[in-house]
């Protein structure tokens, strides 16, 4: 089975900006093997059930009933799959490729939603969050592999406002969806509170037929943040560390506290073996956006280069949990397992990484080389040689296999 990149698009990430960084339980959530308008009348009233009245065992049924209501409003059948995950602390839109089409998931933590429903004192909170995530799916945001961006969040917020009005929520209820945020919260991937409230209000007005009011809302800095994203993409392609740092500084001048740009600076310092600066940047980025898998993966690299393997493993496992389709993270973890002589798990992670269609031949060759090393240690030398031959075709300039075989020969001579 082939897999594609997952887009996890958070509505509640900003509330966690300065929370303590905790590792995520690998025993919870989706197993790695599993990824292995019929409009109601204006006066139609829907009474949402409070999250506190729902048991964990009934949570997926509860969520399905809400999805059925929302999809009926826009004339669609409910083709979404649901996954209740304890300790996930979020609600996310996730997309998988099953070889015959896209499977679209909503992954959620019922207890976490209950907490914020109580905090906002808004019975429509969970419906609004769910409508927001469905808005990501229905707008195609979960298909591009990029993740959250301001324009996407505002599109989904507007859809949530539209749905809330059609289900019977009052304007004041819809407008309280982001009441848990303070005025200044909103990292580059998520706009600040007033803009999100404005988008929800615009959707509510549009559903109510108040087009004049809906067209008055102006959102002024989406272009600035899009430009920062383009600058970051260009910086990632630069080979010179000096030039790359200058480019990343320009990104941060455009949008301060852009977590992915800060983390990228950490990787540049890591390549220069400036470990204190690498750690500081990667950790600061993770404090801003604790639920982006890439940022945890970058911090894992910092620990690995300093030979702090247990911590590196914990962070890369967090990254895989948050972004299940992440071949680079699986390659990294496979090498960690190999260093710890866990050869069977090394082979398993290499197989998973290869199944996820890595981005280029360099990564594919590295997977095959690492798998070959593990097979060699397991005395499966014929299979190992096949991996080495395939790797050599993909990356003829790699010397990893030669270095490995040479080290094995030296050890053999020393024993004799």
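The values are calculated or read from the model by the stated rules, or taken from the named source; none is laboratory data. Remember, it's a predicted structure, so these values are computed and weren't measured experimentally. All Cβ positions, glycine included, derive from the backbone under ideal geometry; neighbour counts span all protein chains shown.
Restricting the range 202-217 to residues that are part of a helix (DSSP H, G or I) and surrounded by fewer than 20 Cβ atoms within 10 Å (Cβ to Cβ), which is modelled with the highest pLDDT?
Taking the range 202-217 as the starting set, the residues that turn out to be part of a helix (DSSP H, G or I) are 202-207, 211-214.
From what is left, the residues that are surrounded by fewer than 20 Cβ atoms within 10 Å (Cβ to Cβ) are 206, 211-214.
On the way: 206: 82, 211: 55, 212: 47, 213: 50, 214: 48.
So, considering only residues that are part of a helix (DSSP H, G or I) and surrounded by fewer than 20 Cβ atoms within 10 Å (Cβ to Cβ), the one modelled with the highest pLDDT is 206.
So, residue 336, is that one in contact with a helix residue (DSSP H, G or I) (Cβ under 7 Å, 6 or more places away or on another chain), surrounded by fewer than 24 Cβ atoms within 10 Å (Cβ to Cβ) and closer than 30 Å to residue 88 by Cα or not?
yes
Mind checking which residues of the range 331-359 are over 18 Å from residue 294 (Cα atoms) and not in a helix (DSSP H, G or I)?
340, 341, 342
Could we say that residue 391 is farther than 20 Å from residue 296 by Cα and modelled with pLDDT of 90 or more here?
yes
May I ask you to list the residues in the range 307-330 that are assigned to a loop (DSSP other than H, G, I, E, B) and either at positive phi or surrounded by fewer than 21 Cβ atoms within 10 Å (Cβ to Cβ) (or both)?
307, 308
Residues checked against (1) modelled with pLDDT under 85; (2) in the same structural domain as residue 331 (by TED's automatic domain parsing); (3) more than 21 Å from residue 341 (Cβ to Cβ):
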site: 352; (1), (2), (3): no, yes, no
site: 357; (1), (2), (3): yes, yes, yes
site: 360; (1), (2), (3): no, yes, yes
site: 366; (1), (2), (3): no, yes, no
site: 372; (1), (2), (3): no, yes, no
site: 383; (1), (2), (3): no, yes, no
site: 386; (1), (2), (3): no, yes, yes
site: 398; (1), (2), (3): no, yes, yes
site: 406; (1), (2), (3): yes, yes, no
